[in-house]
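J.: Please see the structure below; I have some questions.
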Amino acid sequence: MDWSGFGTVIPVLAGSPGAGASVVATLLADVLQLSGRCALMIDPADPSRSGLTMAARSEGPWVARPHSQVHIRYSWRAQALLARLETTLPVVAPGAVPQPRFWRPPVRQLHATVVDLGHDPWRVAAHPLSGPGAWLRRGTPQPRPVLVVRPSRPSLLHAEQVLARLDPWAACAELNQPTQLLVMGAKRWPEGVAGAAGRRVEALLKDAVFVPYDSELAASGITASVTPARLRQAITPVLRRWGLLPEPMSTGKRLHRRGRS
């Protein structure tokens with residue numbers, strides 16, 4: 001796949017139902033757009049299962065129509081562009097979800113594209129050559145999939161099954177397996193939980209990033225309001241590591257520049 005028109009593609013895959021992939025996708029997009037990066041958020045879920053229904057203050061007037069019954073509506077979430085499915089169909093089958101090329105808006109440049117794949121991880125992982133799973137495909141530049149889990153044994157067990165489902169496609173170099181684990185709603189692993197990880201998830205435990213619990217966000221879900229700062233701070237180092245954000249200036253450099261002025 002040629003991903004160059006999308007910048008860095010970040011597919012956000014849920015390891016288990018309700019893991020918080022929509023929250024992570026919004027956090028990533030908010031960090032990027034608040035840092036002055038041009039970010040596109042994509043939600044390829046059936047509208048009735050979307051976790052980003054209220055992510056924009058109002059529905060945008062701009063619609064792409066790749067299919068007579070399946071449309072893509074673009075709205076603004078502050079400075080990030082949000083693309084969501086609209087349909088007259090009762091259910092959107094995976095094969096009816098538009099391929100990635102249809103989601104690229106006619107903007108000059110995208111630094112990153114964040115894709116929320118949390119609506120049905122088992123179905124997404126079934127056939128990544130079509131439907132929402134196409135965002136996991138290998139290409140240039142390489143996508144950077146992340147896996148989102150809850151700090152619980154059942155979530156880690158589900159995540160292992162999802163990764164195992166992706167194994168055959170990764171083995172034939174069709175897609176990239178997630179290399180970054182994000183743990184929602186905790187500051188550390190509860191006692192005895194990490195030991196439940198299978199060999200695929202276990203390989204991600206060392207560099208796992210923990211996103212703390214936020215009661216207000218848990219109650220309201222994603223809205224048009226900016227996500228809490230402490231949650232954004234938790235995932236900011238990941239984006240810096242990937243070169244999507246500049247490294248913060250050290251105190252010495254700031255003092256040096258201040259002295260020169």
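We did not get these values from a lab; they are worked out from the coordinates using the rules stated. Just so you know, these numbers come straight off a predicted model, no measurement behind them. Note that we place each Cβ from the backbone using ideal geometry, even for glycine, and neighbour counts take in every protein chain shown.
J.: Looking at the chain as a GNM with Cα springs under 10 Å, which of SER152, SER68, SER130 has the largest mean-square fluctuation?
T.: The residue with the greatest mean-square fluctuation here is SER68.
J.: Tell me, how many Å apart are the Cα centres for the stretch 78-102 and for the stretch 110-142?
T.: 13
J.: Got a sec? How would SER50, SER225, SER58 order by Cβ neighbour count within 10 Å, fewest to most? Numbers along the way, then the final one.
T.: Numbers: SER50 19, SER225 14, SER58 8.
Ordered from fewest to most neighbouring Cβ atoms within 10 Å, SER50, SER225, SER58 come out as SER58, SER225, SER50.
J.: Suppose the Debye formula is applied to equal point scatterers at every Cα of the chain; what is log10 I(q)/I(0) at q = 0.14, 0.17 Å⁻¹?
T.: -0.94, -1.38
J.: What full-extension length gain, to one decimal in nm, is calculated for PHE102 and ALA218 as 0.36 nm per residue of separation minus the Cα-Cα distance?
T.: 38.5 nm
J.: Looking only at the chain, where both bridge partners belong to it, what percent of the DSSP beta bridges are antiparallel (to the nearest 5)? Let's see the in-between values first.
T.: On the way: 12 of 37 bridges.
Taking every DSSP beta bridge with both residues in the chain, the antiparallel ones total about 30 percent.
J.: What ranking do VAL91, VAL70 get, fewest neighbouring Cβ atoms within 10 angstrom at the top?
T.: Values: VAL91 9, VAL70 18.
The fewest-first ordering by Cβ neighbours comes to VAL91, VAL70.
J.: Additional query: Of ALA219, ALA171, ALA196, which has the largest mean-square fluctuation in a 10 Å C-alpha GNM of the chain?
T.: ALA219
J.: Pick from VAL149, VAL193, VAL211 the residue whose mean-square fluctuation is largest in a GNM of the chain, springs joining Cα atoms under 10 Å.
T.: Fluctuation is largest for VAL193.
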